Each structure stands twice: as structure tokens, then as C-alpha cells.
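Student: Structure provided below as C-alpha cells; questions to follow.
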Amino acid sequence: MLRSSRLRRRGSQISHDSRIVLLALAAGLPAVIASILFLWFGDYSAKIQWTLSVIILGVWLGCSFALHSRVTRPLQTISNLLAALREGDFSIRARGYDRADTLGDVMAEINALGATLQEQRLGAVEATALLGKIVEKIDVAVFAFDRGATLKLVNRAGERLLAQGGDLLVGREAADLGLADFLAGEETGLTDVMFPGGSGRWEYRRTSFRQDGLPHQLLVLSDMTRALREEERQVWKRLIRVLGHELNNSLAPIRSIAASLDRLLARNPRPDDWEEDMHRGLTIIGNRGEALSRFMEGYSRLSHLPPPQPQSLEVSAWIRRAAGLETRLPIAVIEGPELVIQADGDQLDQLLINLLRNGADAAMATRGGVTVGWARTAGQLEVWVEDEGPGLPNTGNLFVPFFTTKPNGSGIGLVLSREIAEGHGGSLTLANRTDRPGCRALLRLPIHPPR
């Protein structure tokens, strides 16, 4: 193909060269004719006439072909340079040109273009080599498939995952490698799969790219088993610590009072007020048992929160209804736009009642007030509850299960409220107010929840 293109280019130059020769001959032809006529009609001998005529014709032809060579040789050089650039050889340069003429300027620009392309190719090669090193060293499996689901590239982690070398894997179909399911359906997700080189829970990510104008798919598999186990271990540690703390808080006084009552019954004679002491001790034991029961009930509610059942919910009616349930102090309602969202009304009632109750608890400590309002912002519903209480002493533990700053609190309300918000595709945040003492709870909910 390269040779044929050169032949076609050379053939096109023959016609161009012929035109240059003809133009050179035509340019000198009048002078040649005039000189010959002057010789033949002058008073010269025949020998001198023939000799000078041959010399004139020779000079004419020599100058014409010299002009042809002077014009076509730089063009041939430029053609060769452009052909080298087209074929990807950026190392060839033109030499011995003069920047004082136009052809010299053209050759200088072609040399500069070749240097620029050579620098860019070197940078691309270095970047590709660096990317290849990174892909080889990262501890995630990387696979590239063409549009026919044939494997075209795999890194070391992928070879270990499939327990085969790259030379045996490249060229095989995704179905043969057990990867066909990852090339269809969702582009990201978690799944439990067993591979020849390992099993566990894997996070997969798939994206599309083009190579040589053809579509390809890039598949990345990450082993999440170790990370999930470590996270699960930390969750269990926190849960056991909280459960142990709460159980000890209830069982320690129960054991102490039970031992005191046992010693009281063993005394002989018993004191006159032993029945009163017995009744007081049993009351304390009952109260601690009831508190422990409430704690376990709260934990059960937190771990068995059902998925929301969306229905049409009028925002203004929902907020006024929840504000009217707080009877210890009046809740100021700041009206917002009339909105209807798709949400689980029962769960959102529980969420907002928790926020208003917490705000009222804080405001009663400082004899302040509580305000609730709503607005529409960037396709979201924002509901805020602001109180004029003392503020939050520690915002880092607000959403830790069973953490509470109230004497009789369970530490479940805020955690359950956030779970409800996130179950609706929203969020819940609490922060101290900046304009005055107090706390601001901000609930964000999508007006049109994602399907």
C-alpha cells in the first residue's frame, strides 16, 4: 500500500514536471528564435551559423532543465517529509535550506511540525507506559472486552482472580471466563461470586470506551470481603460496647438492691420498716427492668424499620399536624409553598415528632421557643426545626445508636429519624445555630423520589 501510494504520487509529479519543463522552454523560446534568425540572416559563414545555433539551443535546453531541477527538487523533499509524517516517522528533517526564501520557510515549518509530533508521541508513550504500570500494580482486577465480549486486556490481579496467565485468557469469551453477567445489567453493584482464584463479595464497575473507533467495555472487580468484614467487626464491637454499658447500668443496681433485700429478709428480728424498704427496693428493680425493656424495644424498632410506602402527602398539613401534637409549649409554624410529595406519611410523622420533641425538650430548659418551617430548594423539600435551647455539646455522637444526653433518653430517636430520611432518599443533619443559642435540624427530601 505504501509503495503504491508513492507510485501514484510519483506519477502525478511527472505531469507536473513536464509542465515546468514546457514553461521553461516556452519562456526562453522567443530569445532562441530571435538569436537564430539574427545568425542566419546576418553576414556569417555557414559553419559559424551552425555552431552558434547549436550552442544557443544547448544553453536554452540546459537552462530549462536546470530551472526544472531547481523547482521540483524542493517539492520532492517536502513530499518526502510529509509522507514520513503521515507514516508516523517523526525523526526525518530537512537539511540545507535557506530561511530567506519561501521554500525554506515551508521546510522549517515542516521540521517544527515533526518535532512537535515527536514530542507528543513521546509523551503519549510515556503516559501509556505509566498507566500500564499502574494497572499492573493495583490490587483490583481489570478486564477490557471488545464489542463481541472477547477479552482484550487483563492485569495481574485479574490473572490471579481467574487463576490463569494472560496469554491463556486474552481472546476468550466473557461467558467462558464467568464474567458475562458483569457485562449486562447495572454498571455498578455488589455481588457474591466464586472465582477460581478466590470467592467473597465483589464490587464491580463497568464503563465504556472506544479504541480504534470501536466500542469496548472496561470491567473492574474489587474484593470487598476484607473491608466489609472489618467494618462488620467494628459495628459489632460498638454494638457490644453499647449493649454491655446499658445492661451493666441496669443490672448493677438490680444486683445490689437484690443483695440488700436478701440480707434484710435474713435478719432476725426484722426492723419495723422492713416492708417499706422491701417495697422501695422492688420498685427500683421494676423501674430498672422497665428501662431495660424500653431499651431493647428501641433496638428492635431500629433494626426492623420497614421500607417506606410512598403515598401523596400534603406538606403543610403534615407539618401542622405534627406541630399540634406538642402540647408542652406552642410551636411556631413558618408557612412555605404548597407542595405535595410522595412519601410514607406514618414514618415522616414519627420523624418530625421526634425532632419537635427534642426541640421542645431543649427549649424548655431555657424557656425559649421552637420554630418549624419548610421551603423548596433545587427540586428538594427542606424542613427545618429551630429551637432556642442551650445547643448541642457534642455533635459527633448525635447519630450513634443509644447515645443520649437526656436522663431518661433511649438514644434511638435521632438514629431512627435519620434512617427514615435516608429511606426516602433524603438526609437529616443537626447543627448549632449561628445567629443565637440553640439547635437547627434540617431535613431534606426529594419532591419526586427516584424510581
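The values are calculated or read from the model by the stated rules, or taken from the named source; none is laboratory data. Treat the numbers as computed from the prediction; the structure is a model and nothing was measured. No Cβ is skipped: glycine too gets one built from the backbone with ideal geometry, and neighbour counts run over all protein chains shown.
Student: Report the residue count in the range 141-176 for those that are on the phi > 0 side of the Ramachandran plot and hydrophobic (A, V, I, L, M, F, W, C).
Tutor: The number of residues fulfilling the criteria is 2.
Student: Give me the pairs: first residue in the range 207-219 and touching a residue at least 40 places away in the same chain (Cβ under 8 Å) and at negative phi, second residue outside any strand (DSSP E or B) and among the aromatic types (Phe, Trp, Tyr), beta-carbon distance under 8 Å, and six or more apart or on different chains, which are they?
Tutor: Short answer, once both residue conditions are applied: Leu219/Phe182.
Student: Can you say whether Arg294 is more than 30 Å from Ala378 (Cα to Cα), touching a Ser or Thr at 6+ places or on another chain (Cβ under 8 Å) and either at pLDDT below 90 or not assigned by TED's automatic domain parsing to the domain that holds Ile420 (or both), as far as the supplied structure shows?
Tutor: When the stated conditions are applied, Arg294 passes them.
Student: Criterion first (at pLDDT below 75, more than 27 Å from Glu338 (Cα to Cα) and not β-branched (Val, Ile, Thr)) does Gly409 satisfy it?
Tutor: Spelling it out, Gly409 is indeed at pLDDT below 75, more than 27 Å from Glu338 (Cα to Cα) and not β-branched (Val, Ile, Thr).
Student: Would you point out the residue of the range 346-367, among those that are buried (at least 18 other Cβ atoms within 10 Å of the Cβ) and small (Gly, Ala, Ser), that is nearest to Thr429 (Cα to Cα)?
Tutor: Step by step, filter the range 346-367, then rank; the result is Gly359.
Student: Can you name the helices (runs of 4 or more DSSP H) wholly within the range 143-261 that have at least 3 residues being surrounded by 14 or more Cβ atoms within 10 Å (Cβ to Cβ) and either modelled with pLDDT under 80 or not hydroxyl-bearing (Ser, Thr, Tyr) (or both)?
Tutor: Where helices (runs of 4 or more DSSP H) fall fully within the range 143-261 and carry at least 3 residues being surrounded by 14 or more Cβ atoms within 10 Å (Cβ to Cβ) and either modelled with pLDDT under 80 or not hydroxyl-bearing (Ser, Thr, Tyr) (or both), they are 156-162.
Student: Whether any residue in the range 120-131 is of a type outside the set (D, E, K, R), under 27 Å from the mean Cα position of the chain (by Cα) and at pLDDT 85 or above is what I want to check.
Tutor: So far as the range 120-131 goes, no, none of its residues is of a type outside the set (D, E, K, R), under 27 Å from the mean Cα position of the chain (by Cα) and at pLDDT 85 or above.
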